[in-house]
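Enquirer: Mind looking over this structure? Questions follow.
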Amino acid sequence: MTRITTLSRRLFGIALLGTAALAAFAHDVQVGTLGIAQARARATVAGQPSGGGYLTLSNKGTTAERLLGASAPIAAAVELHTMRMEGDVMRMRPVDAIDLPPGQTVELKPGGLHLMFTGLKAPLKAGEGFPLTLRFEKAGELTIHMHVEAAGAAEAHKH
């Protein structure tokens, strides 16, 4: 009986650790005063070298935070980008960081700030997902789950 009880406790402990790990990969994450919601990427086609990622960052604290970078196993690199119109031309440029002022929400979305996955190792397929590690100035690294949506679906997310 003791052996079964010990085994049950170990399995219960492993289940609890697994649940905690899955919580870190939940679609919406709140860590302290930092919130991350609607983490999603656009599906890509075979041979497409890059893809876009979007999410909403909330700083519910009283001090500023900054997103400094990101990484994902599906790409050679993840860059922070901005997109804006310059005359009649849409320009996409990398940015060094994304500021998260206290008490504010910053949306990474098509046509504005976003994540750029460069050097994709395989196409991003709708319905699948992958881990994304975000690197913050104060909060450090946080790994979340990015859900892959059909191309064009990212525009449907509105607040």
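The values are calculated or read from the model by the stated rules, or taken from the named source; none is laboratory data. Because the structure is predicted, anything quoted here is derived from the model rather than measured. Here the Cβ positions follow ideal geometry from the backbone for every residue, glycine too, while neighbour counts run over all protein chains shown.
Enquirer: Sort through 123, 131 and tell me the only one that's farther than 21 Å from residue 45 by Cβ and touching a strand residue (DSSP E or B) at 6+ places or on another chain (Cβ under 9 Å).
Expert: Testing whether each residue is farther than 21 Å from residue 45 by Cβ and touching a strand residue (DSSP E or B) at 6+ places or on another chain (Cβ under 9 Å) leaves just 131.
Enquirer: Return the pair list, or none, for Cβ contacts closer than 6 Å from residues in region 70-81 that are touching a residue at least 24 places away in the same chain (Cβ under 8 Å) and within 13 Å of residue 122 (Cα to Cα) to residues that are buried (at least 21 other Cβ atoms within 10 Å of the Cβ) and among the aliphatic types (A, V, I, L, M), at least 6 apart or on different chains.
Expert: The qualifying pairs are 72/78; 72/132.
Enquirer: Restricting attention to region 63-88, and to residues there that are of a type in the set (Asp, Glu) and loosely packed, with under 13 Cβ neighbours inside 10 Å, which single residue is farthest from residue 105 (Cα to Cα)?
Expert: 88
Enquirer: Checking residue 62 against (1) touching a residue at least 60 places away in the same chain (Cβ under 8 Å); (2) in a loop (DSSP other than H, G, I, E, B); (3) of a type in the set (Val, Ile, Thr): exactly one of these is not met. Which one?
Expert: Exception for residue 62: condition (1).
Enquirer: If you scan region 102-152, which residues turn out to be among the hydrophobic types (A, V, I, L, M, F, W, C), in a strand (DSSP E or B) and out of contact with any Leu (no Cβ under 7 Å at 6 or more places or on another chain)?
Expert: Going residue by residue through region 102-152, those that are among the hydrophobic types (A, V, I, L, M, F, W, C) are 106, 108, 113, 115-117, 120, 122, 124, 126, 130, 132, 134, 136, 139, 142, 144, 146, 148, 150-151.
The next check asks that each one be in a strand (DSSP E or B); those that pass are 106, 108, 115-117, 120, 130, 132, 134, 136, 142, 144, 146, 148.
The answer is 116, 117, 120, 130, 132.
Enquirer: A further question follows. Answer yes or no: is there a residue in region 78-87 that is assigned to a loop (DSSP other than H, G, I, E, B) and at pLDDT below 95.
Expert: yes
Enquirer: Cβ-Cβ under 6 Å, sequence separation 6+ or interchain: first residue in region 88-115 and more than 23 Å from residue 130 (Cα to Cα), partner part of a loop (DSSP other than H, G, I, E, B). Which pairs?
Expert: Correct list of pairs: 101/64; 102/61; 102/62; 102/63; 102/64.
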